[in-house]
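Colleague: Let me give you the structure first, and then I'll get to my questions.
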Amino acid sequence: MADAEIIALRAKLASRPRSDDYRHRRRDIDARGLAYGLQPDVKFEPVTANGVRAEWSSTPGAAGDAALLYLHGGGYVIGSLDSHRHLVAEAGRAADCWALAVDYRLAPEHPFPGAVEDAAAGYRYLLGRGVKPGRVAIAGDSAGGGLVVAAMVAIREAGLPQPGCGWCISPWVDMEASGETMTSRSAADPMVQKAGILDMARLYLNGADPRSPLASPIYADLAGLAPLLIQVGAAETLLDDAFALAKAAGAADVYVDLQIWPEMVHVWHLFHPELKAGLRAIEAGGVFVREQRTG
């Protein structure tokens, strides 16, 4: 049976006007995130994580000796703590730990590899606070989902221990948007289209090679990375990105749990206040994080 909530949400998303000006889109995504609000038991606190603006969030009973490092989506150009706070708080609740959202620098003002550097700085901050690597999970959506993998590669290259796991939500991992579903799912996806994502890639890369391993991590050596959960909606143009990431990671002997959610749109987790499947997906992510936690 079709999910009535996702049908209504898809219509709502398709009717939204979308500006071509990324500055306008930054304001829009922040306003929509803030409009959802937070559950009354959520506490949050601004912090600077090794020079990077960040924010702690927690819910009652959350483990203080574990952490979820969260990297928001938005094509490396839009998105912020404000746009994703309601998602980060519930992801931390599901993972039963404190969550640290990193407000990494955005393009075009701060192009690649600034976001990767800031994500790694957030991880170093957690280790510096005494959180054991195996009790850290790195999570993110869309561009943030790709950044999860890029950060894990950068962490390995820096000689640091891997986190307990990575949780990739609707990950964008191909700067060339070469997947077949970019075309075949275009009519079904009210959020991500090839022309728009290539424009964000142009702003982020600023002339860098689109196949740079830390920009498009499907081209990275993924050997030795921690287990990955990949969640993607069946209606997404980025469906092939999830497939490509799962294939690359699996071929490198990385444990991968690939979940394809029927009917779901890009980062449906963001809409959990009006979409029960969004909350179920968050809860499934939390289960994975808790199962992979060590130390």
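The values are calculated or read from the model by the stated rules, or taken from the named source; none is laboratory data. The shown structure was predicted, so the numbers you read here are calculated from the model rather than taken from an experiment. Methodologically, a virtual Cβ is constructed for each residue, glycine included, from the backbone with ideal geometry; neighbour enumeration extends over all protein chains shown. The area values use the complete protein model at the heavy-atom level, side chains included, leaving out ligands, DNA and RNA. Shrake-Rupley method; radii C 1.70, N 1.55, O 1.52, S 1.80 Å.
Colleague: Of everything in the stretch 252-295 that's closer than 18 Å to ALA4 by Cβ, assigned to a helix (DSSP H, G or I) and among the hydrophobic types (A, V, I, L, M, F, W, C), which residue is most open to solvent (accessible area, probe 1.4 Å)?
Modeller: Looking at the filtered set, the residue picked out is LEU279.
Colleague: Kindly evaluate GLY196 against the criterion of being of a type in the set (Gly, Ala, Ser), assigned to a helix (DSSP H, G or I), at pLDDT 95 or above and surrounded by 23 or more Cβ atoms within 10 Å (Cβ to Cβ).
Modeller: no
Colleague: Then there is this: Would you confirm, using the coordinates I've provided, whether PRO111 is assigned to a loop (DSSP other than H, G, I, E, B), touching a residue at least 40 places away in the same chain (Cβ under 8 Å), on the phi < 0 side of the Ramachandran plot and surrounded by fewer than 22 Cβ atoms within 10 Å (Cβ to Cβ)?
Modeller: Working: assigned to a loop (DSSP other than H, G, I, E, B): yes; touching a residue at least 40 places away in the same chain (Cβ under 8 Å): yes; on the phi < 0 side of the Ramachandran plot: yes; surrounded by fewer than 22 Cβ atoms within 10 Å (Cβ to Cβ): yes.
Taking the combined requirement at face value, the residue satisfies it.
Colleague: Search the stretch 1-24 for residues that are at pLDDT 95 or above and among the β-branched types (Val, Ile, Thr) and pair each with any residue that is surrounded by 10 or more Cβ atoms within 10 Å (Cβ to Cβ) and part of a loop (DSSP other than H, G, I, E, B) when their beta-carbon atoms are under 6 Å apart and the residues are at least 6 apart or on different chains.
Modeller: Taking only residues 6 or more apart or on different chains, the pairs are ILE6/GLU263.
Colleague: Against the definition (touching a residue at least 60 places away in the same chain (Cβ under 8 Å), more than 18 Å from SER184 (Cβ to Cβ) and touching a strand residue (DSSP E or B) at 6+ places or on another chain (Cβ under 9 Å)), how does PRO227 come out, yes or no? Step through it out loud before you land on a result.
Modeller: Working: touching a residue at least 60 places away in the same chain (Cβ under 8 Å): yes; more than 18 Å from SER184 (Cβ to Cβ): yes; touching a strand residue (DSSP E or B) at 6+ places or on another chain (Cβ under 9 Å): yes.
Judged against the criteria, PRO227 is a match.
Colleague: Does the stretch 124-152 hold any residues that are open to solvent by 10 Å² or more (accessible area, probe 1.4 Å) and more than 8 Å from the chain's Cα centre (by Cα), and which are they?
Modeller: ARG124, TYR125, LEU127, GLY128, ARG129, GLY130, VAL131, LYS132, PRO133, GLY134, ARG135
Colleague: With respect to HIS72, determine if the residue is open to solvent by less than 40 Å² (accessible area, probe 1.4 Å), touching a residue at least 24 places away in the same chain (Cβ under 8 Å) and under 22 Å from LEU198 (Cα atoms).
Modeller: yes
Colleague: Only one residue in ARG93, ARG53 is assigned to a helix (DSSP H, G or I), basic (Lys, Arg) and open to solvent by 30 Å² or more (accessible area, probe 1.4 Å). Which one?
Modeller: Answer to the selection: ARG93.
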